[in-house]
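Student: My structure is below; once you've seen it, I'll send some questions.
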Amino acid sequence: MPNEPIKIEGTVLALIYKNDESGYAVARVMLDDGSQLTIVGIMPYLGAGERILALGTVVNHPQHGSQFSVQSYERQMPRGSVGIYEYLASRVVKGIGPKTARAIVDRFGDETFEVISERPELLQQIRGITPARAREISQSFLRVSAMRSLVEFLARYDLPVYFSAGLLNLWGENAVAMLQKNPYILCAEQFGLPFGRADELAADLGIDELSPVRLDAAILYELRFNMQNGHAFIPQDKLLPIAAQLCGPNTAPAVADRLAALRERGDVVCDPVGDRVACYLEPVYQCECFLADEVRRLRELHVEPPHDLQRRIRRQEKERGIRYAEGQKQAMCLCFESGISLITGGPGTGKTTALLTMIDLIEGAGLRASLCAPTGRAAKRMSELTGRESKTLHRLLEAGFDPDGGLLRFKRNSQNPLETDVVIVDESSMLDLTLAASLLRAMKPHTRLVLVGDADQLPPVGPGSFFADLLASGCVPAVRLTEIFRQAQGSDIVISAHRINHGQMPDLRKNSGDFYFTTVRSDDAAVRTISSLITERIPNYFGIDPADIQVICPSRQMACGTENLNRVLQQALNPPGAGRPETRFGPVVFRLGDRVMQVRNNYDLLWRRLDPPEVGSGVYNGDAGQIVMVDPQARVLTVRFEDRDADYSFDELAQLEHAYAVTAHKSQGSEYPAVILPVFRAPERLLNRSLFYTAVTRARQLLVLVGSEATVEKMVLSDKKTRRYSALRRRIRQRCGDD
């Protein structure tokens, strides 16, 4: 059979191509029968001179001809002086090239590998090798050996090869030993392996079902999993049964014992909240308490307003040729009255005008203001509206990857605070507890904080509801703008959004201006209508390019969910064809020109910006971009996120999803010229007012609803908000003496 796996065995003659980040390599191999073959596949740190036994298939590359695609393999380090020299001369070890390799092998012969790994000081006998270089060579050799062992371990258990870089950064040459001892470390945020998959690995490694390692992992996994669903804590009376259910029958007593041990160890904090015991991951508990303390401190911060503030506001009115509403004037003055203030309101209520004038007043008072937002799109929009630089919060705080902990770290913190007098955050409803705490830790004692947002939108993806809790606490100076200004009254999108927010049906029969409703009676009809709207009807009638039209769905599942619509819309908008290279990752095809979105935080993914030139790291959940390069030979594709390019090996594509259609949650912080919103069948829990309102307010020029009037009515009338376990509001009131 043409594609039946076969075995080959031979010696690596030369490396044609290698990518140390992905582990992908192309090599020339001399087989035992004397013939030669090109092999390709994930083989990190493969070196010339190695013996390789591989299982795979022969494939015919359109440019490079016949190749052997490696599925699994075993490798042996070369033996004998010739093989050792070829291995080192292939530059697989940092600090050794062909000339140095020859000198080392001539001196140490068959003992070369032992000297490099165990007695590196002997390398100083070679001319040009200093003590520092000898250490570097030894460390590189040990790292290569550790990586080889780690990749082989991951491959043996069918785990993603891209885990190897993070594991090596965390544990170095002890990575395999750590995995064998505790495979549940792969459930941590940076790897994201489901508990069940780690459990299978643990069983294969012989870890007992009542092992403390397993029980601890189940408890921590439940806390992390629920934190990603917005919960800062889980009540103990809920945590224990769900963790025991994860671990299996008759484990409840042992799980309770391990929770006590985790409390003793400091990994979990259990704190009374009302009449229940709240169980937190320790860092989240610290964030919540810190934020409550900081809110009290900022509220009490002495702020001296300019003596002529009202005169300055009148002058701004005259220069802009407008008359501010009373609510807007109050909003402009907030940062001159308190160290922390909130401005909230729906579309068309003048938040942007108030913000622009506030910035002018701040700068007119000789103060420095820093503008930021949680997402790249929101920051870009803020820059366009204000004419001033606005950064993402991650960029403002100078986010970077911490190789020691394998997690995100901010260079701006209490030891290296921001050089500014006022921080203004737009789209503040997206701030979770951890990001809010990182921002406040980076503020100098005198720095004021202004939070601008729409409290009626969906809560953040991460733990807590920082903005909504501040507003509901009643302890923070706030202005809610409600008046819809005349220029916004002509927008049916704005009027409909406010009607929805007040539990009233939008006018679905008007079908003019910027708001349209199309009735469909079946899943197939809905999908066909959406495809027709984005490919033909909207571009032809309104002149809006398909690239500026975003489909926003209530859910991922069902016919009108993102998973199905992305498949349909990719075929309609970016079908396969000559000049559009592609690659397949599981059932998903990624093609040149595709719209994609990052779906989990990757703190160490490198990016580059051309104008101005800049290199950094970190691409975050919700960042949207377009595939601008696919290189099947190098097994790499490039995604352009706004003004940054990031490269992904083909083994890292689990981090990406298509973004022709996105969920309402993923659309937060963004605005699009045109939005198509399916309002048809979806899971009941997602058919609610908050989600509907959030999706509607993403449209700037045109909104088209596709679905049924009954579904629209159900969403408008459903004001039930998903409960989030967080004690921030209670803690703020306690600190401020209002509880």
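The values are calculated or read from the model by the stated rules, or taken from the named source; none is laboratory data. In this text the structure is predicted, and so the values were computed from the model without any measurement. Please note: Cβ atoms are built from the backbone with ideal geometry, for glycine as well, and neighbour counts cover all protein chains shown. Ligands, DNA and RNA are stripped out before the accessible areas are found, and what is left, the full protein with its side chains, is counted by its heavy atoms. Shrake-Rupley method; radii C 1.70, N 1.55, O 1.52, S 1.80 Å.
Student: Among the residues of segment 187-197, are any open to solvent by 40 Å² or more (accessible area, probe 1.4 Å) and outside any loop (DSSP other than H, G, I, E, B)?
Tutor: Taking every residue of segment 187-197 in turn, at least one turns out to be open to solvent by 40 Å² or more (accessible area, probe 1.4 Å) and outside any loop (DSSP other than H, G, I, E, B).
Condition check ((1) touching a Lys or Arg at 6+ places or on another chain (Cβ under 9 Å); (2) without any contact (Cβ under 8 Å) to a residue 40 or more places away in the chain; (3) part of a loop (DSSP other than H, G, I, E, B)) across all residues:
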position: 378; (1), (2), (3): no, no, no
position: 384; (1), (2), (3): no, yes, no
position: 419; (1), (2), (3): yes, no, yes
position: 452; (1), (2), (3): yes, no, no
position: 456; (1), (2), (3): yes, no, yes
position: 462; (1), (2), (3): no, no, yes
position: 480; (1), (2), (3): no, no, no
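Student: In segment 30-41, is there at least one residue being in contact with a Lys or Arg (Cβ under 7 Å, 6 or more places away or on another chain) and either modelled with pLDDT under 85 or open to solvent by less than 50 Å² (accessible area, probe 1.4 Å) (or both)?
Tutor: yes
Student: Does any residue of segment 127-142 turn out to be assigned to a loop (DSSP other than H, G, I, E, B), within 26 Å of residue 175 (Cβ to Cβ) and open to solvent by less than 70 Å² (accessible area, probe 1.4 Å)?
Tutor: no
Student: Continuing with the same structure: Scan segment 158-168 and give yes if some residue there is under 30 Å from residue 229 (Cα atoms), within 33 Å of the chain's Cα centre (by Cα), open to solvent by 10 Å² or more (accessible area, probe 1.4 Å) and among the charged types (D, E, K, R), otherwise no.
Tutor: Scanning segment 158-168 turns up at least one residue that is under 30 Å from residue 229 (Cα atoms), within 33 Å of the chain's Cα centre (by Cα), open to solvent by 10 Å² or more (accessible area, probe 1.4 Å) and among the charged types (D, E, K, R).
Student: Please find, among 669, 622, the residue that is part of a loop (DSSP other than H, G, I, E, B), open to solvent by 10 Å² or more (accessible area, probe 1.4 Å) and touching a residue at least 24 places away in the same chain (Cβ under 8 Å).
Tutor: After ruling out the rest, the residue left standing is 622.
Student: Got at least one residue in segment 313-329 being at pLDDT 95 or above and assigned to a helix (DSSP H, G or I)?
Tutor: So far as segment 313-329 goes, no, none of its residues is at pLDDT 95 or above and assigned to a helix (DSSP H, G or I).
Student: Could you tell me whether any residue of segment 230-242 is at positive phi and surrounded by 15 or more Cβ atoms within 10 Å (Cβ to Cβ)?
Tutor: There is at least one residue in segment 230-242 that is at positive phi and surrounded by 15 or more Cβ atoms within 10 Å (Cβ to Cβ).
Student: Filter segment 79-102 down to residues that are in contact with an Asp or Glu (Cβ under 9 Å, 6 or more places away or on another chain), modelled with pLDDT of 80 or more and not in a helix (DSSP H, G or I) and give me whichever is farthest from residue 147 (Cα to Cα).
Tutor: If we take residues in segment 79-102 being in contact with an Asp or Glu (Cβ under 9 Å, 6 or more places away or on another chain), modelled with pLDDT of 80 or more and not in a helix (DSSP H, G or I), then 95 is farthest from residue 147 (Cα to Cα).
Student: May I pose another question? Between a residue in segment 517-535 that is closer than 13 Å to residue 710 by Cα and any residue that is open to solvent by 40 Å² or more (accessible area, probe 1.4 Å) and outside any helix (DSSP H, G or I), which pairs come within a Cβ distance under 8 Å, given they are 6 or more apart or on different chains?
Tutor: Matching pairs, first to second residue: 517/509; 517/511.
Student: Further question: Can you pull out every residue in segment 288-310 that is free of Cβ contacts under 8 Å to residues at least 24 places away in the same chain and either among the small types (Gly, Ala, Ser) or not in a loop (DSSP other than H, G, I, E, B) (or both)?
Tutor: Answer for segment 288-310, where residues must be free of Cβ contacts under 8 Å to residues at least 24 places away in the same chain and either among the small types (Gly, Ala, Ser) or not in a loop (DSSP other than H, G, I, E, B) (or both): just 310.
Residue-wise test of (1) in contact with a helix residue (DSSP H, G or I) (Cβ under 7 Å, 6 or more places away or on another chain); (2) within 23 Å of residue 536 (Cβ to Cβ); (3) open to solvent by 40 Å² or more (accessible area, probe 1.4 Å); (4) not in a helix (DSSP H, G or I).
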| position | (1), (2), (3), (4) |
| --- | --- |
| 567 | no, yes, yes, no |
| 571 | no, yes, yes, no |
| 583 | yes, no, no, yes |
| 593 | no, yes, no, yes |
| 596 | no, no, no, yes |
| 606 | no, no, yes, yes |
| 615 | no, no, yes, yes |
| 630 | no, no, no, yes |
